[in-house]
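The structure appears below as structure tokens.
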Amino acid sequence: MKIGRNEACPCGSGKKYKKCCLGKNAGATRATIETRRARRPEPKETRRARPPEPTEAETRWRRFWDDYRKAPVDAKLAMARRVIEEEKDFDGELAFDLAAGVVEALQKVSRLEEAEQILDLIQARHPEAYQAELAWFSDWRVEHALVLGGDVETPFRVLAQDPVGYIEGFCRVVGRLCYHGRSTLLHSVLMDAWPTVRDSHGLMDYAKLALREVTFSVALNEHFARNRDLGADDPAFLEDVAKIVEIDAQRLKQIIEHRWGRSERPWEREDFGGPSDDDVGLDHLHFLTLDFAHDLEARQGWPGSRADLGARAINQYLANRKVDEAPASPRSADETMDGQRSRASLRVDSAARSPQSQFLIPTVNSADYFAAMRLQLINPDPYVAGGFYLALPLWHRFLEARGLRDEKEAPDFESALHAKFSSLPEFLDDLTADPVLVRDVKAARMR
């Protein structure tokens, strides 16, 4: 049976599996395979040695974690305080396990001030342990500050001091702030952090590209907020753009026109090409989703950075579909972008392979798969998943308004989508404890 990373470790320590035996089990499995391949053990070597008796300290901690896991919130709070104040051998692992248990319990009952007090206590009593888990603690502090109306900037800038070392926490906070429309803060911090990210040799290219795209869109939003007549020749804007990406003036002009609703281009389905016209179709898709971002902001009232978040998710999803569904593509139709085979139930049907832009029309199963990949246990991206879900019905209506979707195409899409994504609020609550995001997703299902 597969053990979830966030489930209790089966060894009985009371810690989460990812913080206890996950790495050990992987190593043990590899070692076992190598040993069996190398030689057949003698009969006496097959006998299992009796495990050593646990020490008094190990027994005490196992009992503590068992009680801690089962304790109600007030008892758990008292237990955490006692360990923080009295335990001398207090490292980052212990800090995370204690904080995760009590902070998550307090979040579920909306006692965020007390969760902050626990983080303050760990930081004051055990600064080295706090530093070891800084990414998680800063993420929680941003999360709490957004709900409580507190200081968001300080914990975000703490992460930005080392955006590569804290890349997962940094990206989580960036996604969180994009959803909450904090463009001004994002612009200031990302412009400072981008050179470090750009010049890093320790990050994969896709991570750099993702952050570059966010940094660029945030800069575009911020400069437009300052100057509603923003043009491609604005000196301050050009100065920021030059720090982020090389781009010619004509393309920059097109981006501004589409993102801010100045383009009068009437789109036709033929503009997105057949399966073999990937470059042209994907380029046009980019401009179409910029039009959509403007629609989300101007007509739906989304904050600019949230509109960009939702439109980017739609663009990624549709670009994946176009490439994967092309008969000439090196990938088969039931393969994902990273080469992993998807489930048979998620394979695109023959209607999704029509020669003219059918990929623009989402299907429920493929949308479910795209969102599920953003909610994996390793480095989940709940704000992309949530923004994607909220944007999908609006994308359907946007296409119809632009004459790119016939009302007979996927007429039951919205009801089927809401049924398929019925468990999404629970997932998002577990991953973010963000009442705004969870509320928005629940409200969308009720419309």
Regression test value, accessible area per residue of the stretch 175-279, probe 1.4 Å, units Å², expected 52 Å²
One point scatterer per Cα, no solvent, Debye formula: log10 I(q)/I(0) for the stretch 74-228 at q = 0.21 Å⁻¹ comes out as -1.26
Taking only the alpha carbons of the stretch 90-137, the radius of gyration and the largest Cα-Cα distance, Dmax, both in angstrom, are 10.0, 29
Cα gyration tensor of the stretch 177-310 diagonalised, 5x eigenvalues square-rooted, in angstrom largest first, produces semi-axes 24, 19, 15
Rh_Kirkwood(the stretch 386-432) over Cα pairs, Å, one decimal, evaluates to 11.8 Å
Ranked output for segments 212-219, 393-400 by mean other Cβ atoms within 10 Å, highest leading, reads 212-219, 393-400
Taking a probe of 1.4 Å and leaving out DNA, RNA and ligands, the stretch 349-447 shows per residue an accessible area in Å² of 48 Å²
extent check for the stretch 52-123: Cα max minus min per principal axis, descending, whole Å, gives 43, 25, 16
Taking only C-alpha positions in the stretch 361-447, Rg and Dmax in angstrom work out to 13.3, 40
Cα-only Rg/Rh for the stretch 194-265 with Kirkwood Rh rounds to 1.01
Whole-percent carbon and sulfur contribution to the accessible surface of the stretch 241-300 (1.4 Å, no ligands, DNA or RNA) stands at 44 percent
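The values are calculated or read from the model by the stated rules, or taken from the named source; none is laboratory data. Values in this document were obtained by computation on a predicted structure and should not be read as measured data. Because the Cβ atoms are built from the backbone with ideal geometry, glycine has one as well, and the counts that use them run over all protein chains shown. Each accessible area value is taken on the protein alone, full model and side chains, heavy atoms only, with ligands, DNA and RNA left out. Shrake-Rupley method; radii C 1.70, N 1.55, O 1.52, S 1.80 Å.
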